[in-house]
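S.K.: Below you will find the structure I want to go over with you.
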Amino acid sequence: YSDGTMVGYKDDLAAIDWLNANVHGSPVIAEASFGPYRCNGSRFSIATGLPDVVGWVNHETQQRSNPDLYSREQQMRSFYTDGDVASKRAFLQQYGVAYVIVGQTETKYPTIGNAGCEPSDTSAGIAAIQSMVGTDLEVAFQQGTTTIYRVIPTGGN
């Protein structure tokens with residue numbers, strides 16, 4: 001990152017391997033998604049084939065017309081940076097998210113700037129996600145800096 005932070009993906013690889021071995025079907029995942037080819041956004045959906053709330057917006061606009069892609073991209077950023085638990089619940093329900101990824105990329109949730117990947121302050125957003133464990137989320141996998149949370153179904157779903 002532009003602030004000198006080094007990011008390793010060993011723990012992400014273990015989480016990707018866990019998803020590939022243990023998750024069947026096509027459940028929707030939530031993970032950091034931003035600009036193409038930089039900062040390693042959308043890495044889980046790319047490596048597993050699982051659908052994401054939004055992938056690389058520039059690629060998606062080349063393939064289809066979907067006026068809400070930029071809105072989804074902003075909602076994804078807010079999910080990881082905003083501390084409001086109610087908005088997180090609404091987001092998970094709106095997009096039918098089954099798994100939430102929190103790795104080093106999500107904890108920095110960069111913006112793409114002239115200097116490269118500019119880290120964002122995600123402390124409130126990550127703390128809110130962690131506070132949802134036991135009510136809305138459960139830890140499905142954890143290794144080092146990467147956690148996969150499973151969304152606890154509501155209403156008998």
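S.K.: Suppose we filter the stretch 119-157 for residues that are in contact with a strand residue (DSSP E or B) (Cβ under 8 Å, 6 or more places away or on another chain), open to solvent by less than 80 Å² (accessible area, probe 1.4 Å), assigned to a strand (DSSP E or B) and not acidic (Asp, Glu); how many remain?
M.R.: 11
S.K.: Can you find, within the stretch 19-46, the residue that is modelled with the highest pLDDT among those that are assigned to a loop (DSSP other than H, G, I, E, B) and aliphatic (A, V, I, L, M)?
M.R.: Going through the stretch 19-46, the residues assigned to a loop (DSSP other than H, G, I, E, B) turn out to be 23-27, 31-42.
Okay, now just the ones that are also aliphatic (A, V, I, L, M), so 23, 32.
Numbers: 23: 97, 32: 87.
The qualifying residue modelled with the highest pLDDT is 23.
S.K.: Cβ-Cβ under 6 Å, sequence separation 6+ or interchain: first residue in the stretch 26-47 and closer than 13 Å to residue 12 by Cβ, partner surrounded by fewer than 15 Cβ atoms within 10 Å (Cβ to Cβ) and at pLDDT below 75. Which pairs?
M.R.: Final answer for the pair search is none.
S.K.: Further question: Hey, residue 56 hits all of (1) open to solvent by less than 40 Å² (accessible area, probe 1.4 Å); (2) among the aromatic types (Phe, Trp, Tyr); (3) modelled with pLDDT under 85 but one; which does it fall short on?
M.R.: (1)
S.K.: Let me ask another. Exactly one condition in (1) under 17 Å from residue 150 (Cβ atoms); (2) open to solvent by less than 10 Å² (accessible area, probe 1.4 Å); (3) part of a helix (DSSP H, G or I) is false for residue 100; which is it?
M.R.: In the conditions (1) under 17 Å from residue 150 (Cβ atoms); (2) open to solvent by less than 10 Å² (accessible area, probe 1.4 Å); (3) part of a helix (DSSP H, G or I), residue 100 misses (3) alone.
S.K.: Checking the conditions here, which among 111, 81 is more than 15 Å from residue 52 (Cβ to Cβ) and modelled with pLDDT under 80?
M.R.: After ruling out the rest, the residue left standing is 111.
The values are calculated or read from the model by the stated rules, or taken from the named source; none is laboratory data. Predicted, not measured: the structure shown is a model, and the values here were computed from it. Every residue, glycine among them, receives a Cβ derived from its backbone with ideal geometry; neighbour counts consider all protein chains shown. For the accessible areas, the whole protein counts, side chains as well, though only heavy atoms, and no ligand, DNA or RNA atoms are used. Shrake-Rupley method; radii C 1.70, N 1.55, O 1.52, S 1.80 Å.
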